[in-house]
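Sharing a structure with you now.
The values are calculated or read from the model by the stated rules, or taken from the named source; none is laboratory data. Just so it is clear, the structure is predicted and the values come from calculations on it, not from any experiment. Please note: Cβ atoms are built from the backbone with ideal geometry, for glycine as well, and neighbour counts cover all protein chains shown. Protein only, heavy atoms only, side chains kept; ligands, DNA and RNA dropped before computing areas. Shrake-Rupley method; radii C 1.70, N 1.55, O 1.52, S 1.80 Å.
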Amino acid sequence: MAEDLLLDVAGVSKRFPGVQALKDVHFRLRPGSVHALCGGNGAGKSTFLNILMGIYPRDDGTIVVKGQEVRFATPRQAMDAGISIIQQELSSVLDLTVAENIYLGREPRQLGVFVSFPEMNRRAGALLERLNFEIDPSLKMRELSLAERQLVEIAKALSQDADIIVMDEPTSAIGEAEVERLFDTIRLLTSQGKGVVYVSHRLSEIFQIADSYTVFRDGQFVGDGLISEIDRKGLIQMILGVDMKDEFIKTNTPDDAVVLKIRDFSRRGQFQDISLDLRSGEILGIYGLMGSGRSEFFSCLFGIDQPDSGTVEISGKPVKIRKPSDAMDHGLALVTEDRKETGLVLTGSVRDNISMASLPSVCNFAFVNQRKEQSNVGRMVDFFRVRTPSTEQIVRNLSGGNQQKVVLGRWLLTEPEILLLDEPTRGIDVGSKREMYGFMSDFAKQGHGVIMISSEVPEVLGMSDRILVFRNGRMVGLIDRAEATQETLVHLAA
Amino acid sequence: MTTLPQEGGNRSSSSATTALQATLRTLSKYGIIVAFFVLCAVLAVVEENFLTANNLLNVLRQTSINGILAIGMTFVILTRGIDLSVGSVVALAGVVSATFATMDTRMQLVPETMPLVAIMLGIMAGMLTGAINGFLVSRFAVPAFVVTLGMLSAARGGTLLWTGGLPVPNLDPSYRWIGDGVIQVGNVWMLMAVLFVVLGYVGIRWLNAAERRSNGALGASASGTRKLTALAVSAVVSAALAFGLAQALPAIGIGQTHLVFTESATGEEAGAFAVDVTDDELDFFAEQEGGPRRRVSVDWAAEGQPPAPEAIVTAVLERIEVVDPETVMLDFDGLLVPLTAVEGLESSLDLRLGQVGLPVPAILFVLIFLAAWVVLTRTRYGRYVYAVGGNEKSAKTSGINTKLIILSVYVISGALAAVGGMVLAARTGSALTQAGVAYELDAIAAVVIGGTSLAGGVGTVVGTFFGALIIGVMTNGLQLLGVDAYYQQVIKGIIIVIAVMLDPSRRQRE
């Protein structure tokens, strides 16, 4: 039976000091299959992949690749055995070209020592063309957008001609159009009999591309099966391990009072003529492709950048926002799209991060009143149920969902009236997502306003009272909750 | 992430391991301090001259300037920057202030010396160069390395231009006090008080932390009774330590006896003794207290026991021209003994045992360190420095004026480099245009050894304090051991790199 499997993992365990990270897990990958590996944060997915790739040794169990039992000591050995991985964190060398990055360490040679650049560029060009990625292989990585860099990483993994390709959150940084191209590529690979291990928090992608699944929870194997035999709700239930009523929690209802009124907001090259009214108690969704100007709009609204034109009124009063502290004075709070890049101080503690935006309120003159600060921080940790050993824990060591809660705690302490959320559930597990939805609803219910940017259609549909669609920096539609469907949104945005 | 239920019998052993783990964590957190004391202990064993009053005071003097520079550097490196210009600012601030404090009429900018004004102007010169650095870095996003490299050259040039390339000699004695003065910091009682404050504070902090660990509550603090107990214990311990030290110090040779003697009321005109004493310090407060006073230090460390009263008198007489011995009094903390009554010296001397004198630069270093510690850990500004260094974009989004913070750390670094420069000039007695060359390297080394990350956002000024001390003690130790000067540099370089490689706090971060 093992012979016709690409990958057969049985009984693998791994213990770290104080933590049983993996316990007796199984994983079976058939040729030609896209197999989703699902689980919340801390489920053991990363540990599993690290063991598979030879980064950690395993304590127990067997890994059989194409009928041969293996024990990799280095990632190199795993690659030689036909396993390649697309990393979640980008690891490209920014000052090398696309082609150089793809063939890093495997450059085609002339006379044994000299790198043959024309040959390398030609091969890279052919590869990118085959994958339908429109990227010039001679460009420096630095000149590419984040999404394009991720595509190059994908191309790099595919260039190794592996039989097993591991994709760890491959779509977290790329736009919808690129996702489609990635999926085309995956279908091409599976038609050649290769297997893909697909890790993603985005359930809709799993149901779109995967044919089978395996679920881990708390380091243990929970179950596996065919995607065609399970529905979204069932999968979420398996991941969470609790009975789940609804994926989204929506309890707020907007009333008529306008809390934020924006007219003719424009910034050259980014967005034009954005006008909207946010009502009290409302969650306003913004849907649009990556690069459609949605995040740039938030940046200008919050005073990080300056708009070329446009007016803002908050609770009926015209306001000028020139810097973030002005926005905060007017009750705005911004949770940015990229937690690690612009949200958190990763080197700081939970306390540092939560109190960062509201320090003036706990200061006597220049000095921080540590008692007051600690009580505020403790309140937020309890409120959002941040899972952390202490408030002195360095934020880098928390999971994505807990990190996002830390950012929310920071902003809630500034007592905002209007919350601007940019992709608030990106890269966090299903359980934390639900908590996030609950918080948004509760916040809006208190008569506050929420604007939420999201690329996930079900989330926008599930949470928004109205949906604003962005395309190429322009508003192309404002749809009521009742009338919005997946088709209309995708159609308008593309 | 689930922990398996423990068997009942394992409980006590597991809590013991937790305590051990916690202790090890604490130790590795303060690894730099442990390393410092280990280094000192090793040197004390292998080199008998290490643990002597003269030598330790020397180390303190030498370390102080680098330490003051390194504290400024810590602020800059915490924001992910670097300040390569501090060595040149040392020279610039030195000559700028010296031209207001020199008694050499050719170099004077104004016809009289104005020590306080000179110090202010020196600090302003440092702040100005720092402001230029900070402005360029924060406003135009030029890499700090490049900006301060430019300033390294420009400030050195400015130094040469200011004096026409000449040194500024013959500085006013009260200006020189900041470089070579000594302050009596107290006796056994003050030592006890300081120990009590430090131990009591650490004890309560430790109790609070233990409380947090044991019941997991966020921000819990220990109960009042336990705090009182901790205070009582630290009082007893500090008293024992202080008296123990007071007894032990003379035996191991730490201790310096200062005989302050004054002209008697019936004596000569004021100023009669105020000449020709070259290696002693003029009392800074002489003028306020009425009548010039001379402080003569008789160092008996090398002998291992106090000198005979006759020897003291001889030493005193050697240093000054006594017009009439009858008019000179020896002052033991207000107890006046006539110079002629030498029989009384021995018993009076006991009164002074355990009295500690510290060089002014060392006191400056410690005060600046304490101020920097308070600023970085207790103020909003300090938090913002860490936030900006950890993630500038996040800090900006949180409403922090990141440009102003970045500008300010270069101003701080410039000001402290200026203080270091003036201390150096005061110690040397003249401001040299080539002062401070390559000082930036030792300052950066102290910061890095102290565990501050060049990537910004991580580090402490406590680490820097001990980093500077380690460099100072290491240099001193190599000198005492008679290591060839060329080898000294090689060894120092190797030790710096190894220290950072082994730093546990750095490994934890990765």
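So how do A:19-27, B:412-420 stack up, highest first, on mean other-Cβ count within 10 Å?
Per-residue Cβ counts within 10 Å, averaged per peptide and sorted highest first, yield B:412-420, A:19-27.
I'd like the mean, over residues of A:330-341, of how many other protein chain beta carbons sit within 10 Å of each residue's own Cβ.
Taking the mean over all residues of the peptide, I get 1.
OK, next. Kindly identify the stretch B:377-467 as rounded, prolate or oblate by the Cα gyration tensor criterion: order the square roots of the eigenvalues as a ≥ b ≥ c, call it rounded if a/c is under 1.5, otherwise compare a/b with b/c, prolate if a/b is larger, else oblate. Spell out each step's value before the answer.
Details: a/c = 2.69, a/b = 1.92, b/c = 1.40.
Prolate shape, in that a/c is at least 1.5 and a/b is the bigger ratio.
For B:Arg226, what accessible area in Å² do you get when you roll a 1.4 Å probe over the heavy atoms of the protein chains, rounding to the nearest 10?
110
Quick one: order B:Tyr487, A:Tyr198 from most to least accessible surface, probe 1.4 Å.
B:Tyr487, A:Tyr198
Now a separate question. Can you give the mean number of other chain Cβ atoms that lie within 10 Å of the Cβ atoms in peptide B:98-105?
Working: counts 0, 0, 0, 0, 0, 0, 0, 0.
Other-chain Cβ atoms within 10 Å of each residue's Cβ, averaged: 0.
Sort A:Ser399, A:Ser200, A:Ser228 from largest to smallest accessible area, using a 1.4 Å probe on the heavy atoms of the protein chains.
Details: A:Ser399 40, A:Ser200 10, A:Ser228 100 Å².
Solvent-accessible surface, decreasing: A:Ser228, A:Ser399, A:Ser200.
Testing the spin-label approximation: label points 7 Å from Cα along Cα→Cβ at A:Leu139 and B:Ala154. State their distance in nm.
According to this spin-label approximation, the distance is 3.7 nm.
Also, I was wondering about something else. Rounding to the nearest 20 debye, state how big the charge dipole of the stretch A:124-216 is about its Cα centre with +1 on each Lys and Arg Cβ and -1 on each Asp and Glu Cβ. Each step should come with its number before you reach the end.
Working: 9 positive and 16 negative charges, 31 e Å.
Dipole size: approximately 140 debye.
Given a cut-off of 22 Å, name the pairs among A:Lys405/B:Lys393; A:Lys261/B:Lys396; A:Lys14/A:Lys45 whose C-alpha atoms lie farther apart than that in the structure shown.
Details: A:Lys405/B:Lys393 19 Å; A:Lys261/B:Lys396 24 Å; A:Lys14/A:Lys45 12 Å.
With Cα atoms farther than 22 Å apart: A:Lys261/B:Lys396.
Evaluate E = 1/(1 + (r/R0)^6) for B:Leu166 and B:Met114, where r is the Cβ-Cβ distance and R0 equals 25 Å; express this FRET efficiency to the nearest 0.05.
Working: r = 20 Å, r/R0 = 0.81.
After rounding, the FRET efficiency stands at 0.75.
Which peptide among A:483-494, B:172-183 comes first, and what is the full order, when sorted by highest mean count of other Cβ atoms within 10 Å?
B:172-183, A:483-494
Let me ask another. Arrange the peptides A:266-278, B:464-476, B:396-408, A:67-79 so that the one whose residues have, on average, the most other Cβ atoms within 10 Å appears first.
B:464-476, B:396-408, A:266-278, A:67-79
Ok, one more. Which one, A:Ala99, A:Ile354, A:Gln150, is farthest towards the positive end of the dipole of chain A when Lys and Arg carry +1 and Asp and Glu -1 on their Cβ?
A:Ile354
Tell me which trypsin sites (Lys or Arg not before Pro) from the stretch A:181-260 have a DSSP coil assignment and no more than 16 other beta carbons within 10 Å of their own.
The qualifying sites are A:Lys245.
Let me ask something additional. Under the definition of Cα pairs under 8 Å and six or more residues apart, what whole-number percent is the relative contact order of chain A?
Reported as a whole number, the value is 16 percent.
Relative to the Cα centre, what is the charge dipole magnitude of chain A, using +1 at the beta carbon of each Lys and Arg, -1 at the beta carbon of each Asp and Glu, and rounding to the nearest 20 debye?
Dipole about the Cα centre, nearest 20: 980 debye.
Ignoring ligands and nucleic acids, what accessible area does A:Ile230 show with a 1.4 Å probe (Å², nearest 10)?
Counting only protein heavy atoms, the figure is 30 Å².
Compute the separation of the alpha-carbon centres of the stretch B:91-163 and the stretch A:189-225 and state it in Å as a whole number.
65
With solvent modelled as a 1.4 Å probe, how much accessible area in total do chains B and A shield from it at their shared surface, in Å² to the nearest 100? Please report the intermediate quantities before stating the final value.
On the way: alone 26160 and 21950 Å², together 45470 Å².
About 2600 Å² of accessible surface is lost on pairing.
How do B:Thr225, A:Thr342 rank by accessible surface area computed with a 1.4 Å probe, from largest to smallest?
Ranked list, largest accessible area first: B:Thr225, A:Thr342.
Which of rounded, prolate, oblate describes the stretch A:171-298, given a ≥ b ≥ c as roots of the alpha-carbon gyration tensor eigenvalues and a/c under 1.5 marking rounded, otherwise prolate only if a/b is larger than b/c?
Oblate, since a/c reaches 1.5 and b/c is not below a/b.
Among rounded, prolate and oblate, which fits the stretch A:168-220 when a ≥ b ≥ c are the square roots of the eigenvalues of its C-alpha gyration tensor, a/c under 1.5 means rounded, and a/b larger than b/c means prolate?
oblate
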